[in-house]
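Student: Below you will find the structure I want to go over with you.
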Amino acid sequence: MNECSHHQDKGKEDAYMDSCPLFKGLRQSEHDAFLQRHASALVQVPKGSLVVRQHNPIQDMLLLVKGQVSLRVNTLDGNVLELERQEAVMPMATAFLYGREGRYPFDVLSLTPCSFLRIPKAAWLEEIGRNITLLQNFLALSADLTAKYAAKLHHQTLKSLRHRVALFLLEKTTPEQSVVVLNRSRTQLAEYFGVQRPSLARTLKALEAEGLIHLEGKTLTLVNKPALERIAHDF
């Protein structure tokens, strides 16, 4: 897939900035003033576009204000690992924005039609320099997201696919509810685990053959939760 070409939209975008942890605690007037200052930075991106490519230099503060994206890492063994899916309003790669060699640590793929604000790094530095709340939010969010991604990668390297699938299924259910409706395709789910689709299919088939799960279409039922918990926690 080629990296997408962006075009500016001069119309106003309803960004709902108060839904973003980056803008938590700011007054509505501050939200409005921020959008007015950066209205010309708005770009529209079609569904299925590669918004930025892993290892590309970070030129701007990229803020998703509408739509949903997938953050993906290309692994050394040629697989694609989905770090997570993010919905507006969220910034991309905040912790890497001002690094000496700031580069995107992941691909950003649009899952829906998306709108972004592309704010030059110098302009964003002015924004956080004039507003202590925005600065604190920026630092906290950068730390939280870095810890989250590090935990995902750590978990990915230490656990087998069988462990990861069991843990994923347990996290999607409750003590009262044992049914999971998979909202991803098999290919997307394989990318989430950073493996090829046949590997995931074999793991699910093995769990089903052992009587631990029952899979029908996109509906998956946990038949033996205690056994899945032992797998997930190495008991």
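Student: Can you run down the residue pairs with Cβ atoms below 8 Å, 6 or more apart or on separate chains, where the first is in segment 180-193 and not assigned by the TED database to the domain that holds Val108 and the partner is of a type in the set (Val, Ile, Thr)?
Tutor: Cβ pairs passing all conditions: Val180/Thr173; Val180/Thr219; Val180/Thr221; Val181/Thr219; Leu182/Thr219; Glu191/Val80; Phe193/Val165.
Student: Then there is this: Could you grab me the full set of residues in segment 195-214 that are assigned to a helix (DSSP H, G or I), of a type in the set (A, V, I, L, M, F, W, C) and under 14 Å from Ala227 (Cβ atoms)?
Tutor: Across segment 195-214, the qualifying residues are Ala206, Leu207, Ala209.
Student: Could you run through segment 96-138 and say how many residues are assigned to a helix (DSSP H, G or I) and in contact with a Lys or Arg (Cβ under 6 Å, 6 or more places away or on another chain)?
Tutor: Looking only at that region, the number is 1.
Student: Among what's in segment 170-179 and is touching a residue at least 40 places away in the same chain (Cβ under 8 Å) and of a type outside the set (S, T, N, Q), pick the residue that is nearest to Ala227 (Cα to Cα).
Tutor: Looking at the filtered set, the residue picked out is Leu170.
Student: Would you mention how many residues in segment 71-107 are surrounded by 15 or more Cβ atoms within 10 Å (Cβ to Cβ) and farther than 19 Å from Asp144 by Cα?
Tutor: Final tally of qualifying residues: 5.
Student: Could you pull out the residue among Ala143, Ala190, Ala201 that is out of contact with any strand residue (DSSP E or B) (no Cβ under 7 Å at 6 or more places or on another chain), over 16 Å from Asn79 (Cβ atoms) and of a type outside the set (Val, Ile, Thr)?
Tutor: One residue alone meets the criteria, Ala143.
The values are calculated or read from the model by the stated rules, or taken from the named source; none is laboratory data. Just so it is clear, the structure is predicted and the values come from calculations on it, not from any experiment. Every residue, glycine as well, gets a Cβ built from its backbone with ideal geometry; the counts of neighbours run over all protein chains shown.
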